[in-house]
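The values are calculated or read from the model by the stated rules, or taken from the named source; none is laboratory data. In this text the structure is predicted, and so the values were computed from the model without any measurement. Cβ placement follows ideal geometry from the backbone for every residue including glycine, while neighbour counts extend to all protein chains displayed. Surface accessibility is based on the protein's heavy atoms, side chains included, excluding ligands, DNA and RNA. Shrake-Rupley method; radii C 1.70, N 1.55, O 1.52, S 1.80 Å.
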Amino acid sequence: MGTTLRAHPWAADIGVALLVQLVVSVPWLIPRPAGSSPATLLAYGLTALTVLPLVWRRRAPVTVLAAVLCAQVLYGVAADGPGQTLPYTSMVALYSLAACTPSPLRQVTGGLTLAVAAVSVVGRGRDDWLRELMLTLVVFAASYAFGRLTHTRQAYTRAVEERARAVEERSAELERANRIEAEQAAARERARIAREMHDILSHAVSIMVVQAEAGPVAVRVAPERAEAAFDAISETGREAMTQLRQMLGLLRDAPSDPDVSRGPQPTIGELPRLVERVGRSGLSVAYETTGRPHSLPPVLEATAYRIVQEALTNIVKHAHARHARVRLHYQEQELTLTITDDGRGRPGPAARTAGHGLIGIQERAAAHGGSVTAGPGPDGTGFSVRAVLLITPAEASGVAS
């Protein structure tokens, strides 16, 4: 109901005017006692004239109050009709003034209205003028007070509605932000999966290609080496298939699939096996650790494994090297991986921008706040990749606990 009245203010004001008109018409509807002022048509018309301005009470409250007071003065001068128990039209007009008018104008106009009403009561010269004066002041003061209460309530309602709209807009904004964050998280997850699959497939295919190319030659020269090459091909393929099944099984989220292994991510402890497998391709790989080895977060161990795997894959595919070295240096707050070879190498700037392998290594290291440098080896020959992975205090405490 309140929403309907706010949506149609003209209808509300006309309804108020009709209600007031009905109230002030009561003296014309009941029998008049003997000796009372006659209820003439002129008096009724002037009474309606005092009510008519109330239709505009909220659009021009000061003007409406002045018009009502003037109409009441005219009624008292031109028609000696039935009186009213209370000055209803003045009360409604003063109420509207208190509810809809800004502060300075409201206070001045309200004070003048009370003064005019007091002068009017005293000017009649009746014997009970004091009682009538007190009643008039109380009625007008009450009308003004109710108007101020209405103004306060409406202001509070508007504030609550604005706050609700702000909360709704904020909720919509948070929903949009959450949706964007979810999309970004999905994109990051897709990129991570793509890197994992690239590492797995690139490493496996590179080893298998090298072994397959060397197989025909080994069959003629050293059959035992050919057999070892074929064993390496099958082992590399089986391991790649196992890792791919693990990854795709997690994506499918099918725990009931008996063929899906839920093995953990690779760890640093598996690097010797990786080095041994790469060594079967004809590349001699040395592996060493320095510093004081200690427990690392699983995600950092998986990152270290993938970085070494990618670096060795690049050596097998591009370097045409005979020897390579993998070195892990442990420190309290960081782990340094150094992978070098004696192959043909590439210039430093070109190496940093060539292919996706080094880019993937850089992205993995950056995810742990680390950095990667790649370029010619220490003596100017071959190629070297050095990755520094930082161990944050939170990660270190998590491992310790």
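Observations on the model:
- If you filter the stretch 302-335 down to residues that are basic (Lys, Arg) and at pLDDT below 90, you find that the one that is most open to solvent (accessible area, probe 1.4 Å) is Arg322.
- Lone qualifier among Thr373, Thr381 - being over 21 Å from Ala191 (Cβ atoms) and either within 41 Å of the chain's Cα centre (by Cα) or modelled with pLDDT of 90 or more (or both): Thr373
- When each of Leu19, Leu5, Leu65, Leu46 is tested for being at pLDDT 80 or above, open to solvent by 40 Å² or more (accessible area, probe 1.4 Å) and out of contact with any His (no Cβ under 9 Å at 6 or more places or on another chain), the lone residue that passes is Leu19.
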